[in-house]
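Here the structure is laid out as structure tokens; the discussion comes afterwards.
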Amino acid sequence: MPRRPRRDHHGTLHHITARGNNRREIYSTDDDRETFYGLLASGCRTYDVRCHADCLMGNHYHLVLEAPVAAVSKLLWFVNNRYAIAYNDRHGRVDHLFGRRFHSSTMPDDRAAMAVMAYVALNPVRSRLSRHPAGWPAGSYRAHVRLEAPRPHLATEWARELFARHDTSLEERVARALREAGASNDQAGRPTLDDLFPDGRAVTREHVRHAGDVFGYARTEIAAHLGAAERTLSRWLAERDAA
């Protein structure tokens, strides 16, 4: 049975993404990113949320947070609203900066958590903004591999313990993903279904949702990997959703 990720304090692990309205830019300058990080640090302290990873891109961001759902919602309302006001003032904009409400998915076990940590780190590579995560300054990867001190909002101990329990590291996981992706940056960091489903046993609804919603695997691909018909998998999910 896959091991559930350990928690440093009471809460759930969330992979958060939020995008600009109509996928427009939300960070135009380094000052914008530093403003966002300052608000994130203040919000994490106020709402008792731990941030284990981040990556700020041009028109969206990724966070890995640990906290109860209510605290995460309060944190993101605080950060997104205050950041939007600051960004609009700085750049002479009006109207909404962010589009739809943030997207959140939970991580059901250690494998999913390690996959998300690598996925977040590799965002600049997939977007062809950097050849390696270490070359992207607006993210947590450099702090995780001790190339720089962590920013005030970032907690790095949990991630190191997570990978150490499986005799690996974030740095090794990223290097493997880059080797496997080869010339195809679009797939860099995308875990295989073997990574997401340890052995076909003890599969939960969260495992299936995570593979589809976060990493973009089609229902047909997931069903084939699990040795089931797509219709059977869909019925199984519907039964658990109704339970």
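Placing a pseudo-label 7 Å from each Cα along the Cα-to-Cβ vector at residue 100 and residue 82 gives an inter-label distance of 2.7 nm. Modelled spin-label separation between residue 241 and residue 219, with each label point placed 7 Å from Cα along the Cα-to-Cβ direction: 0.8 nm.
Estimated purely from DSSP H runs of n ≥ 4, each contributing -39500 (n - 2.57), the mean residue ellipticity at 222 nm for the chain is -14000 deg cm²/dmol once divided by its residues.
Please check the chain for the longest run free of trypsin sites (Lys or Arg not before Pro) that are loop-located per DSSP (anything but H, G, I, E, B) and have at most 13 other Cβ atoms within 10 Å.
Here the longest run is 8-92.
For a paramagnetic label modelled at 7 Å from the Cα of residue 21 toward its Cβ, which residues of region 80-116 fall within the zone defined by backbone nitrogen distances under 20 Å? Of the residues in region 80-116, 80-103 have backbone N under 20 Å from the label point off residue 21.
Rounded to the nearest 20, the Cβ-based charge dipole of the chain about its Cα centre (Lys and Arg +1, Asp and Glu -1) stands at 300 debye. On the basis of the beta-carbon distance and an R0 of 22 Å, residue 46 and residue 129 show a calculated FRET efficiency of 0.10.
Could you tell me the calculated FRET efficiency between residue 89 and residue 12, based on Cβ-Cβ distance and R0 = 30 angstrom, to the nearest 0.05? Given R0 = 30 Å and the Cβ-Cβ separation, E is 0.30.
Where a number appears in this text, it was derived from the coordinates with a stated rule and is not lab data. This is a predicted model, so every value here is computed, not measured. Counting neighbours? That spans all protein chains shown, and the Cβs are built from the backbone with ideal geometry, glycine included.
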